[in-house]
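Note sheet for the following structure.
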Amino acid sequence: MNISHHLDDATLLAFAAGTVGEAHGILVASHLAMCPTCRNALRKAEGLGGGILESQAGQAVSDVCRAATLASLDAVIAPKETYKPKSDLPLALARIMGDVNLADIHWHKRAPGVSVFDVPLSKGSKTKLKLVKLGKGRTMPEHGHGGEELTLILKGSYHDKMGRFSPGDVADLDAEIEHQPIVDSDEDCICVIAFETRAIYKTILAKLVQPFVGI
Ligand SMILES: [Zn+2]
């Protein structure tokens with residue numbers, strides 16, 4: 001896997017400090033499982049994150065808290081041999097989806113060439129996680145974001161002004177960035193998207209489509 005788009009340092013730091021939302025945590029873990037570059041960056045961020053927490057709290061992070069964080073990171077980075085997912089999804093996603101395969105997902109068609117699947121999260125989660133399947137040549141409406149949005153490509157590819165995104169690549173976007181992905185693979189592009197609030201679409205047509213697409 002040739003990954004060229006990575007998580008940014010702020011996201012890794014937040015993950016290391018345990019302050020990302022549930023959806024973002026699952027997506028970050030999924031990318032980490034694929035990406036040695038970000039795993040190395042995380043090791044550094046984890047140390048930094050612990051240091052920041054300690055200085056903010058004025059006292060050391062509790063050993064229990066720290067051990068729990070490290071244990072969860074280890075589970076992501078070096079899953080136990082005994083757990084062998086039957087799914088072709090990344091481990092963190094396979095666990096929450098019950099080992100379903102990409103080909104067996106029950107998609108909900110939202111618009112021509114656009115299907116989505118809502119990944120079930122904890123009740124009361126302030127973040128959402130969606131699988132999105134876009135048909136060949138499909139263009140998503142140009143949109144900005146109401147909050148931090150992460151997109152991980154699982155299959156196919158798209159390009160936008162940030163470059164080309166293929167399996168394993170992650171688009172780590174904050175609220176200021178607007179983009180308009182266009183699917184450029186010969187197959188459907190399937191990605192998983194974690195977001196905080198509904199994306200803010202730019203065009204009237206997009207505003208009409210948004211309730212159906214639901215992102
Ligand atoms: Zn990476």
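The values are calculated or read from the model by the stated rules, or taken from the named source; none is laboratory data. If you're wondering where the values come from, they're calculated on a predicted model, not measured in any experiment. Methodologically, a virtual Cβ is constructed for each residue, glycine included, from the backbone with ideal geometry; neighbour enumeration extends over all protein chains shown.
Can you confirm whether Ser4 is of a type in the set (S, T, N, Q) and at pLDDT below 90?
no
What pairs come out if I take residues in region 160-180 that are over 23 Å from Thr37 (Cα atoms) and pair them with residues that are among the hydroxyl-bearing types (Ser, Thr, Tyr) and modelled with pLDDT of 75 or more whose C-beta lies under 8 Å away, six or more apart or interchain?
Pairs found: Gln180/Thr139.
Those residues that are near the ligand (Cβ under 9 Å from one of its atoms) and either assigned to a helix (DSSP H, G or I) or of a type in the set (Phe, Trp, Tyr) (or both), I need them from region 13-41; list them, please.
His31, Leu32, Met34, Pro36, Thr37, Cys38, Arg39, Ala41
Tally time: how many residues in region 111-123 are within 18 Å of Ala194 (Cβ to Cβ) and either of a type in the set (D, E, K, R) or part of a loop (DSSP other than H, G, I, E, B) (or both)?
Selection size over region 111-123: 6.
Any residue in region 1-20 that's over 21 Å from Arg164 (Cα atoms) and in the same structural domain as Ile153 (by TED's automatic domain parsing): show its pairings with residues that are in a loop (DSSP other than H, G, I, E, B) and among the polar types (S, T, N, Q) at Cβ separation under 7 Å, as long as the two are six or more apart or on different chains.
none
Restricting to region 137-157, name every residue that is over 24 Å from Ile96 (Cβ atoms) and modelled with pLDDT of 90 or more.
Matches in region 137-157: Ser157 only.
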